[in-house]
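Engineer: Structure in structure tokens, see below.
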Ligand code: DQA
């Protein structure tokens, strides 16, 4: 099985970016944690981060028929990118939406996710563990579907 982890704009700055909201863990640290967990389960995992909407659309399109699951933190694009939403709708790979912070208890404009109606599920507010929880869910689904 293969999993793709996609991160959107400004997440390359994790560790130094508003640490009181997003924590002190870097994106590289998060990717290493996910990689270690996936490897332990014998699952391949790839990572991609971009600050550019079109690059994320390209990656989502390319992921179709190749990956089994996509874990996506679309960052600010979550709240307004119809292009990302349409890309998710266009492919058959299930996507899990991730946020470090609890978007529902922050500014009003973060309460809406235009992606939420087209993803498998959303995990938010757990910090780095949002990513780890999403991976754990995917690993459990892979075990169940292999039975
Ligand atoms: C975020 C939440 C978004 O509202 C914000 O624009 C981000 C990060 C999160 O992981 O908490 O960049 O997706």
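Any read-out appearing in this document is the output of simple, stated calculations on the displayed coordinates, not a laboratory observation. Remember, predicted model here, so these are calculated numbers, not experimental data. Heads up, the Cβs are rebuilt from the backbone with ideal geometry, glycines too, and the neighbour counts pull from every protein chain shown.
Engineer: Quick one: in the stretch 1-44, what % of C-alpha pairs are over 13 Å apart?
Structural biologist: Details: 560 of 946 pairs.
When all Cα pairs of the stretch 1-44 are counted, 59 percent exceed 13 Å.
Engineer: Give the order of 30, 123 when sorted by the count of other beta carbons within 10 angstrom, beginning with the fewest.
Structural biologist: Ordered from fewest to most neighbouring Cβ atoms within 10 Å, 30, 123 come out as 123, 30.
Engineer: Taking the alpha-carbon centroid of each part, what is the distance from the stretch 115-147 to the stretch 14-41 in angstrom?
Structural biologist: Between the Cα centres of the stretch 115-147 and the stretch 14-41 lies a distance of 16 Å.
Engineer: Next up: Hey, what's the Cα Rg ratio for the stretch 53-136 versus the globular rule of thumb, 2.2 N^0.38 Å? Display every interim value, and only then the final one.
Structural biologist: On the way: Rg = 12.2 Å, N = 84, 2.2 N^0.38 = 11.8 Å.
Working it through for the stretch 53-136, the quotient is 1.03.
Engineer: Taking the Cβ of each residue in 32, 107 as the centre, tally the other Cβ atoms inside 10 Å and list the residues starting with the fewest. It would help to have the intermediate numbers written out before the result.
Structural biologist: Values: 32 13, 107 8.
Fewest to most other Cβ atoms nearby, the residues stand as 107, 32.
Engineer: I need the fraction of alpha carbon pairs in the chain separated by more than 22 Å, rounded to a whole percent. Could you put the intermediate results ahead of the total?
Structural biologist: Values: 3625 of 10731 pairs.
Result for the distance tail: 34 percent.
Engineer: Among 26, 112, what is the fewest-to-most ranking by other Cβ atoms within 10 Å? Kindly include the intermediate steps, with their values, before the conclusion.
Structural biologist: On the way: 26 16, 112 13.
The order, fewest Cβ neighbours first, is 112, 26.
Engineer: Normalised by the number of residues in the chain, what is the relative contact order in percent for Cα pairs under 8 Å and 6+ residues apart? Can you show the working numbers first?
Structural biologist: Numbers: 249 pairs, mean separation 38.0, N = 147.
Relative contact order, the chain: 26 percent.
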